[in-house]
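Trainee: Shown below is the structure under consideration.
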């Protein structure tokens, strides 16, 4: 299978690889996929609670080169965006940017799922932490 | 707190002395042709172009002579007689001819065929087609080591069983089935035994009499011969096996396979067999040494690495390893200057991981993480060392990237995680 230059670049020099403290209230973690399916992505975002801007993003991916590239690209794209803006990212944009062939579209879907899962996790934490924040005031 | 992982950018790799990149280590897919084979074939393209079936002029005689010399060489390598060797276009055709040919010829005797789940698709899909025509097929499971259970085979046999088809050496994991014992069980019950010996002939000693084989598929391009040519051994006595043709025409090859013979290809197959007869014993020692060196170097430097299939009954040049927490295709991308195969779904058209590995009870996750190394005649120790280093480096890099490796190191039992289905 031939890979696009962009996939090769992300595979060889993945951006934002790493992990953040998943227990931090500012961090949202998305873990999607399954080992049996050959793809697991962990995508984490760190959100500024005042501005809702994603200030940092990290990923780790078990999967093919296209899956690694999709998640690496996703971390680049979400950084600097508000959570609502990040939710607008569509898998088709990832497909286009990385020139993914049809058999690799599921990798981009997984990356979109990972972004949503991370944001969902973060939002859930805000619901839990807000009342305590109020109580503390 | 965030932990950054400094992944080392993939560097352009410089080949060490004595190693030419890319390294070819996929000799179960195909082998490069031995120059001695090519040399033998060349006159049969131009000078000796005659049709081996032309009986009344010297052009035909020259072609026929080339074919008959080849037939002797093939027969000698497997302990057969020349009349028992039928030339075909390759092992897929040989498998089709053997299975369909026996099924049709012995239809009145019975309609039951036994095979194993780890067979090559040329066998499995042929059996599946016969099921549509009213044949009954038993697909035997294999044990964890990749071998069929002889008791299970015995239990599957009944008075309607006409054929058992079980491969000699597996193309993915290289394990060697107990063909002599299988053949004995078949012989005792008057059942015909076919074996797809594509990966075995020329690599390990193959003797159709000692191993109780009735019908056997052979391929040229897996043993340093040309592509597009193979043979089928069909036993002539004790017992005499008859097969119906699947290609009709001019009645070539004793009526079993019509079509003008591929003379240069057949000559190449013959030469490949002659070389194997001479050099196989020495070569298999060398290959087993290189293979074990590769295994030891990889396993000495990486944890959670698993060998698929028994090491005890195995082709000398085969190594099939799963690297836990690393997906096969991304591993292949990282070692793109090395030609090997992966059992990962991502390398196949179906998105299903290797059915052979799954049949051993290997989990889908480990099946996705597998690499098949196929060492051959032209691999060197320097290449093995280079490949081992590159594999270790790439697996280490990808594990740094792997959330599964991180979770496992944190003590998370990955089996207990509720994974969201895709």
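Trainee: With the Cα gyration tensor of chain B giving a ≥ b ≥ c as the square roots of its eigenvalues, does the rule (a/c under 1.5 for rounded; else a/b larger than b/c for prolate; else oblate) give rounded, prolate or oblate?
Mentor: It is oblate, given that a/c is not under 1.5 and a/b is not larger than b/c.
Trainee: Compute the relative contact order of the range B:1-138 as a whole-number percentage, counting only Cα pairs closer than 8 Å that sit 6 or more residues apart in sequence.
Mentor: Across the range B:1-138, relative contact order equals 11 percent.
Trainee: If you don't mind, there's one more thing I want to ask. So how tilted is helix B:91-105 from the main axis of chain B? Cα-based, degrees 0 to 90, rounded to 10.
Mentor: So the inclination is approximately 50 degrees.
Trainee: If you don't mind, another one. So what's the angle, to the nearest 10 degrees on a 0 to 90 scale, between helix A:105-136 and the longest Cα principal axis of chain A?
Mentor: 10 degrees
Trainee: Which whole number gives the average, over all residues in A:3-14, of C-beta atoms from other chains lying within 10 Å of the residue C-beta?
Mentor: Going residue by residue through A:3-14 and averaging, the value is 3.
Trainee: What order do you get for A:85, B:253, B:278 when you list them from fewest to most C-beta neighbours inside 10 Å?
Mentor: The fewest-first ordering by Cβ neighbours comes to B:278, A:85, B:253.
Trainee: Let me make sure I get this right: for the range A:8-137, a, b and c are the square roots of the gyration tensor eigenvalues over alpha carbons, sorted descending. Under 1.5 in a/c it's rounded, otherwise prolate if a/b > b/c, else oblate. Which is it?
Mentor: Because a/c hits 1.5 or more and a/b exceeds b/c, the range A:8-137 counts as prolate.
Trainee: Further, regarding this structure: Please report the antiparallel percentage of DSSP beta bridges with both residues in the range B:35-276, rounded to the nearest 5.
Mentor: DSSP beta bridges in the range B:35-276 are roughly 40 percent antiparallel.
Trainee: For B:149, B:214, B:364, what ranking results if the residue with the fewest other Cβ atoms within 10 Å of its Cβ goes first?
Mentor: B:149, B:364, B:214
Trainee: Another question, if that's okay. Classify the protein assembly as shown from the C-alpha gyration tensor, please: rounded if a/c falls under 1.5, else prolate or oblate depending on whether a/b exceeds b/c.
Mentor: On the way: a/c = 2.62, a/b = 2.10, b/c = 1.25.
Since a/c reaches 1.5 and a/b is larger than b/c, the shape of the protein assembly as shown is classed as prolate.
Trainee: Contact order normalised by length for chain B, with contacts defined as Cα pairs under 8 Å and 6 or more residues apart; what percent is it?
Mentor: It comes to 21 percent, rounded to a whole number.
Trainee: Is it possible to state the helix-based mean residue ellipticity at 222 nm for chain A, with each DSSP H run of 4+ residues giving -39500 (n - 2.57), the sum divided by total residues, to the nearest 500 deg cm²/dmol? What is it?
Mentor: That calculation yields -15500 deg cm²/dmol at 222 nm.
Trainee: Listed highest first by mean packing, meaning other Cβ atoms within 10 Å per residue, what order do B:257-265, B:368-376, B:318-326 come in?
Mentor: The packing order, highest mean first, is B:368-376, B:318-326, B:257-265.
Trainee: Based on other C-beta atoms within 10 Å, arrange B:219, A:66, A:108 from fewest to most. Walk me through the intermediate numbers first.
Mentor: On the way: B:219 30, A:66 33, A:108 26.
So the ranking, lowest neighbour count to highest, is A:108, B:219, A:66.
Trainee: What 222 nm value per residue comes from the helices of chain B, counting each DSSP H run with n ≥ 4 as -39,500 (n - 2.57) and dividing by all residues, nearest 500 deg cm²/dmol?
Mentor: Taking each H run of at least 4 residues, the total per residue is -11500 deg cm²/dmol.
Trainee: Sticking with this one: Using only atoms on other chains, find how many Cβ atoms lie within 10 Å of each Cβ of peptide A:16-22 and report the average. Mind dumping the intermediate values first?
Mentor: Working: counts 3, 7, 9, 8, 4, 3, 0.
Across A:16-22, the average partner-chain Cβ count within 10 Å equals 5.
Trainee: For the ranges B:79-88, B:20-29, what's the packing order if you count other beta-carbon atoms within 10 Å of each residue, average per peptide, and put the highest first?
Mentor: Details: B:79-88: 21.1, B:20-29: 18.5.
Per-residue Cβ counts within 10 Å, averaged per peptide and sorted highest first, yield B:79-88, B:20-29.
Trainee: Next up: Relative contact order, percent, of the range B:35-276 when contacts are C-alpha pairs under 8 Å separated by at least 6 residues?
Mentor: Once divided by the residue count of the range B:35-276, the mean separation gives 28 percent.
Trainee: Residue by residue through B:394-404, how many Cβ atoms from other chains fall within 10 Å of the Cβ on average?
Mentor: 5
Trainee: Taking the Cα centroid of the range B:355-422 and of the range A:22-63, what is the distance between the two, rounded to the nearest whole Å?
Mentor: Comparing the Cα centres of the range B:355-422 and the range A:22-63, I get a distance of 24 Å.
Trainee: Between B:411, B:60, B:343, where does the largest GNM mean-square fluctuation fall for chain B, given springs only between Cα atoms within less than 10 Å?
Mentor: B:411
Bear in mind these aren't lab numbers, they're just calculated from the coordinates by the rules spelled out. All values derive from a computational prediction rather than experimental measurement. For neighbour counting, all protein chains shown are included, and Cβ atoms are generated from backbone atoms with ideal geometry for every residue, glycine included.
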